[in-house]
């Protein structure tokens, strides 16, 4: 993250009158992890950028410096100016023109439309009655662990199912894995969380994969390739990188999403 983007995150947080500790609590990460993000010492993942943008009431593009226009401020400022103008006119005329809650409602509707434009919410047109949209759901198995063996994703290891839109997982076979241990804790991935994994026998260079080594239980590691070797990198300063021949590493899939229950 650039120094400019780093300053932008801090600036937005202070404008919202939020402490770093409060933001960390809202994101369910440690304060140190958040401050590392703010200082540019941590990689800003897509999921964290989205959560942070929502908390700071901005867009991801503005947050990471792709644009200098904060669209939320563009909506909020005119609404606040309109409210102030109405307040002055009301004081001069001695009667209420617009109820304050309607001003808030106007601003919320504008913001909802902006969210729809940005793809965060489906656009709704109230000018006609549309038919309800049918979404086909498919079950995604949840594994408590993955062990080495001929069929490491055995049915008896499934502890439950989560349902997702068929369109969201149409590009392959997916499963959930409950996180164990603290190998990825410095990226905010802690024990008890679950990761959505696309089942595949390879991982893109630098991405997080579910890997099996020497018959051990499957764990999460960033995977880097070095010739005929694979470097498995944890996100925990107490766990050093491990370089192994590719043939000794079995990859079960690539992590696509991290989730946790509240």
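The values are calculated or read from the model by the stated rules, or taken from the named source; none is laboratory data. Note that this is a predicted model, so its numbers are computed, not measured. Cβ sites come from the backbone with ideal geometry, for glycine too, and all protein chains shown count toward neighbours.
Going through segment 11-31 one residue at a time, which ones are farther than 15 Å from residue 189 by Cβ and modelled with pLDDT under 85?
Correct list: 31 only.
If the Cβ limit is 7 Å and pairs must be 6+ apart or interchain, which residue in segment 38-64 that is free of Cβ contacts under 8 Å to residues at least 40 places away in the same chain and not assigned by TED's automatic domain parsing to the domain that holds residue 235 pairs with which residue that is surrounded by 15 or more Cβ atoms within 10 Å (Cβ to Cβ) and part of a loop (DSSP other than H, G, I, E, B)?
Within 7 Å, the pairs are 40/1; 49/64; 53/59.
So residue 179 fits all but one of (1) surrounded by 20 or more Cβ atoms within 10 Å (Cβ to Cβ); (2) in contact with a helix residue (DSSP H, G or I) (Cβ under 7 Å, 6 or more places away or on another chain); what number is the exception?
If we test residue 179 against (1) surrounded by 20 or more Cβ atoms within 10 Å (Cβ to Cβ); (2) in contact with a helix residue (DSSP H, G or I) (Cβ under 7 Å, 6 or more places away or on another chain), just (2) comes out false.
Have a look at 222, 237 and point out the one that is over 12 Å from residue 256 (Cβ atoms) and loosely packed, with under 14 Cβ neighbours inside 10 Å.
None of the other options fit; the residue is 237.
Are any of the residues in segment 226-234 in a strand (DSSP E or B), within 17 Å of the chain's Cα centre (by Cα) and buried (at least 20 other Cβ atoms within 10 Å of the Cβ)?
no
Name every residue in segment 223-262 that is touching a residue at least 40 places away in the same chain (Cβ under 8 Å) and more than 23 Å from residue 173 (Cα to Cα), in order of residue number.
234, 235, 236, 237, 239, 262
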